[in-house]
């Protein structure tokens with residue numbers, strides 16, 4: 001008895017089923033490896049953000065806010 005009732009019975013069908021299963025397993029292992037590669041995912045996300053104009057605008061806005069805050073603090077101390 002087999003685990004599956006629809007298991008192919010001819011040698012050619014069995015070979016094709018084995019090859020299909022190997023391909024599915026390779027895809028699964030590749031997907032798991034991609035998910036486990038935290039550094040690679042972080043680098044890919046950084047590249048996405050580097051090319052996203054909205055992310056650049058947020059960075060520029062934060063830099064301007066920091067400069068204005070420092071300028072205000074310096075101005076208040078000199079008064």
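The values are calculated or read from the model by the stated rules, or taken from the named source; none is laboratory data. Just so we're clear, the structure is a prediction, and the values are computed from it rather than from any experiment. Every residue, glycine among them, receives a Cβ derived from its backbone with ideal geometry; neighbour counts consider all protein chains shown.
Just a few scattered comments:
- The residues listed here are 11, 53; of these, the one that is modelled with pLDDT of 85 or more, surrounded by fewer than 10 Cβ atoms within 10 Å (Cβ to Cβ) and more than 16 Å from the chain's Cα centre (by Cα) is 11.
- Between 40, 30, the distinction of being in contact with a helix residue (DSSP H, G or I) (Cβ under 9 Å, 6 or more places away or on another chain) and either part of a helix (DSSP H, G or I) or at pLDDT 90 or above (or both) belongs to 40 only.
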